[in-house]
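Okay, so here's the structure we're looking at.
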Amino acid sequence: MGEKSLFCGINKPQDPANMTEMEKKHTPVIECPDTVKAGEPFQVKIRVGEIPHVMDEGHHIQWLDIYSRQNFLARVDLTPVFTKPEVTITLVKGGKHRTSTLRVIERCNLHGQWEATKDITITE
Ligand SMILES: [Fe+2]
């Protein structure tokens, strides 16, 4: 077995500007404002992926974890057939930070964990 297993570590696209079909199906797509106001709720829409991933009994997205940098914020567990791997969540940024990196990790039962990030700016 020469190639690294997809279940070893967290996968990311090798070249985000030129993703393979596997990468397009598994890398989360994060949609939210580039700039948010401290203390004000905003919506983050996440889907897997740029090409929609199947939700069959034998092959599906099991969960999505949402982080702010290394801080865990939320998990959504999914089941096959009756759900789509799409989530809208409301977040609030605040504190002393002027920037934040949202990080989403999803797990496919056949293809392992995949990560995407999005940088946002926080204004007063
Ligand atoms: Fe998959």
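The values are calculated or read from the model by the stated rules, or taken from the named source; none is laboratory data. Just so you know, these numbers come straight off a predicted model, no measurement behind them. FYI the Cβ positions are ideal-geometry reconstructions off the backbone, even for glycines, and counts take in every protein chain you see.
Numbers below:
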{"read-out": "PHE82 part of a strand (DSSP E or B) and away from the ligand (no atom under 13 Å from the Cβ)", "value": "no"}
{"read-out": "Looking only at segment 96-124, and only at residues there that are farther than 23 Å from LYS12 by Cα and either within 16 Å of the ligand (Cβ to nearest atom) or free of Cβ contacts under 8 Å to residues at least 40 places away in the same chain (or both), the one that is surrounded by the fewest Cβ atoms within 10 Å (Cβ to Cβ)", "value": "LYS96"}
{"read-out": "Any chance VAL29 is more than 15 Å from TRP114 (Cα to Cα) and among the β-branched types (Val, Ile, Thr)", "value": "no"}
{"read-out": "Neighbours by Cβ (under 6 Å, 6+ apart or cross-chain): first from segment 46-57, part of a loop (DSSP other than H, G, I, E, B); second within 9 Å of the ligand (Cβ to nearest atom)", "value": "GLY49/LYS25; GLY49/HIS26; ILE51/LYS25; HIS53/LYS25; HIS53/ILE61"}
{"read-out": "The listed residue being under 21 Å from SER100 (Cα atoms) and either of a type in the set (S, T, N, Q) or at pLDDT 95 or above (or both), out of ILE61, ILE30", "value": "ILE30"}
{"read-out": "Leading residue by the ranking (nearest to the ligand (Cβ to nearest atom)) among those in segment 67-79 that are assigned to a loop (DSSP other than H, G, I, E, B) and loosely packed, with under 13 Cβ neighbours inside 10 Å", "value": "THR79"}
{"read-out": "Complete set of residues in segment 18-45 that are of a type in the set (Lys, Arg) and either free of Cβ contacts under 8 Å to residues at least 12 places away in the same chain or under 19 Å from LYS84 (Cβ atoms) (or both)", "value": "LYS24, LYS25, LYS45"}
